[in-house]
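Encoded as structure tokens, the structure appears first; notes follow it.
The values are calculated or read from the model by the stated rules, or taken from the named source; none is laboratory data. As the structure is a prediction and not an experimental result, all values here were calculated from the model. Because the Cβ atoms are built from the backbone with ideal geometry, glycine has one as well, and the counts that use them run over all protein chains shown. Accessible surface is based on the protein model in full, side chains and every heavy atom, while ligands, DNA and RNA are left aside. Shrake-Rupley method; radii C 1.70, N 1.55, O 1.52, S 1.80 Å.
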Amino acid sequence: MRKALRSLLALTMLIGTVGTAGAATAAEPEATGATSTTGTAASADIKDRLLSIPGMSLIEEKPYTGYRFFVLNYTQPVDHRNPAKGTFQQRITVLHKDVSRPTVFYTGGYNVSTTPGRREPTQIVDGNQVSMEYRYFTPSRPAPADWSKLDIWQAASDQHRIFRALKPVYDEKWISTGGSKGGMTATYYERFYPRDMDGVVAYVAPNDVVNKEDSAYDRFFTRVGTEECRDRLNGVQREALVRREPLEKKYEAYAAENGYTFDTIGSLDRAYEAVVLDYVWGFWQYSTLADCADIPADAENATDDEIWTSVDTISGFSAYADQGLAAYTPYYYQAGTQLGAPTIRFPHIEEKYIRYGYQPPRNFVPRDIPMTFEPSAMRDVDNWVRRNARHMLFVYGENDPWGAERFRPGHGARDAYVFTAPGMNHGANVAGLVEGQKAFATARILDWAGVASPAVQADPAAAKPLAKYDARLDKRDLRREAPLRP
């Protein structure tokens with residue numbers, strides 16, 4: 001069986017790379033709007049080189065000073081174990097700087113942005129960036145969709161084929177990265193294809209090893225932030241359930257006005273409770289301690305509108321409508337088949353006010369899509385990270401609920417680290433670390449990318465990002481990148 005699998009994998013890689021050798025040996029000329037490539041002979045334009053890759057096609061090119069930005073489609077097999085079963089078009093983007101620079105391979109684990117943007121490791125190494133849309137997020141979805149082919153190995157194999165196709169063009173060092181589900185994705189990719197990347201930077205990556213044991217989250221919510229802030233949040237959450245009847249009438253009007261339906265979750269009542277029970281989690285995921293000032297201090301005496309507005313601002317009453325769930329069906333499917341999902345308790349709310357509790361991912365996926373949970377998937381990845389992690393950096397936020405269950409490299413790991421950014425949420429990054437850790441992490445990333453200067457090699461405290469901050473390229477809008485439960 002293993003021999004046959006290796007043969008199939010070899011065939012898969014061959015399909016993605018045949019015909020690229022000629023383009024790979026061509027040198028990179030200076031391109032309009034991009035930095036020049038020094039020390040090489042003028043030859044094919046970077047767009048021509050990319051489009052010479054079998055299966056690669058251009059959707060559009062967008063200008064950006066100092067770069068060239070391409071939105072592309074790449075033909076992928078639906079099933080990497082059996083490529084003959086059909087293909088689909090996977091959307092990727094390439095932020096091209098120079099083939100002499102390292103390349104960062106990014107995925108957020110969801111849709112890919114078609115606007116030029118640069119992730120933190122890309123800024124640190126001043127490199128190129130390849131971004132991949134995760135399979136089954138539209139438009140990168142096979143038609144018809146065989147949902148059994150949406151798993152972490154198939155997605156890692158998508159990345160592997162893209163890397164093999166682009167490596168002849170971008171033949172310097174590669175670093176993979178991603179945040180939240182993207183951080184998980186970068187970790188899974190490393191687990192299945194540990195020889196592809198030269199380093200991994202995984203941000204705020206949850207690691208739900210035992211899906212039925214979630215007490216770490218409950219402990220987190222008893223100590224995060226300050227007691228005053230926790231009391232404010234708990235008070236609003238409880239009051240939203242105490243006032244269920246009048247606020248659900250408001251919800252009914254809101255849904256009618258916006259054309260929202262609730263067939264997937266089952267009812268408006270279920271959707272209402274799901275939004276309310278997400279409220280405290282959502283605050284700590286996306287907000288900071290300073291934002292507690294905006295939470296009603298006396299929930300019992302707050303108006304219905306004040307309770308509604310606070311919950312809607314943080315959780316979003318559209319989240320569990322069919323229209324809100326549809327875009328994230330692939331995520332909820334994976335959460336209910338491999339990734340796992342948290343189940344938390346609400347000791348500050350009397351049982352009589354809670355009808356459904358923290359609902360499982362099955363409730364957020366249309367019933368015509370079959371789901372069976374695979375408990376060994378996350379245990380396998382966790383064991384691999386503990387024993388085999390190499391050149392891996394995990395960054396978490398102190399106040400991010402998802403960091404309650406995290407990756408922890410063990411005794412078998414080498415050159416692998418876990419850092420926590422004080423006071424930060426689900427947007428935690430290297431820049432938010434304490435000074436010594438920030439410099440050290442930056443130095444490791446530069447070293448893995450092959451661009452650490454002799455000064456940095458001698459003294460990691462000297463490490464700084466090689467590219468200047470760009471307000472447009474480096475801007476992050478965390479709320480738009482993922483649902484409340486990534």
>> Students often forget the sequence filter, so: which lysines lie under 28 Å Cα-Cα from residue 181 once same-chain residues fewer than 8 apart are removed?
In response: 62, 85, 97, 149, 167, 173, 212, 438, 464, 468, 475
> Taking the Cα atoms of the chain alone, what are Rg (to one decimal) and Dmax (as a whole number) in Å?
Replying inline: 23.2, 74
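Could you work out the equivalent-ellipsoid semi-axes for segment 296-417, taking the square root of 5 times each eigenvalue of the Cα gyration tensor, largest first, in whole Å?
Working from the Cα gyration tensor, I get semi-axes of 34, 22, 14 Å.
Can you tell me the accessible area per residue over segment 384-486, all protein chains present, probe 1.4 angstrom, in square angstrom?
Heavy-atom accessible area per residue stands at 49 Å².
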> Rounded, prolate or oblate: which one fits segment 337-396, using the alpha carbon gyration tensor with axes a ≥ b ≥ c (rounded when a/c is under 1.5, else prolate when a/b beats b/c, else oblate)?
Replying inline: oblate
> When the accessible area of segment 47-145 is split by element with a 1.4 Å probe, what percent falls to carbon and sulfur?
Replying inline: 49
>> Sort 314-321, 346-353 by packing, meaning the average of other beta carbons within 10 Å per residue, with the highest value first.
In response: 314-321, 346-353
>> As an exercise, find the ratio Rg/Rh for segment 330-478 from alpha-carbon atoms, using the Kirkwood inverse-distance average for Rh.
In response: 1.07
>> Once neighbouring chains are kept in place and the probe is 1.4 Å, which whole percent of the accessible area of segment 389-478 is contributed by carbon and sulfur?
In response: 53
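Given a 1.4 Å probe, how much area per residue of segment 123-246 is accessible, in Å²?
Per-residue accessible area for segment 123-246 comes out at 32 Å².
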>> Full-extension gain between residue 468 and residue 417, please, as 0.36 nm times their residue separation minus the C-alpha to C-alpha distance.
In response: 15.8 nm
> In sequence order, what are the phi-derived ³J(HN,Hα) couplings for segment 66-79 according to the Karplus relation 6.51 cos²θ - 1.76 cosθ + 1.60 with θ = phi - 60°, rounded to whole Hz, with x for glycine and proline?
Replying inline: x, 9, 10, 10, 10, 9, 10, 10, 10, 6, 10, x, 4, 10
> On full extension of the chain, what length is gained from residue 62 through residue 380, given 0.36 nm per residue of separation minus the C-alpha to C-alpha distance?
Replying inline: 110.4 nm
> Cβ under 12 Å from residue 79's Cβ, residue 79 left aside: what net charge do those residues give with Lys, Arg +1 and Asp, Glu -1?
Replying inline: +1
> Regarding segment 83-241, what whole-number volume in Å³ per residue does the convex hull of its Cα atoms give?
Replying inline: 178
> If the label point is 7 Å along Cα→Cβ of residue 372, which residues in segment 294-336 have backbone nitrogen under 19 Å from it?
Replying inline: 333-336
> Quick one: length gained pulling residue 309 to residue 323 fully straight, 0.36 nm per residue minus the C-alpha distance?
Replying inline: 3.0 nm
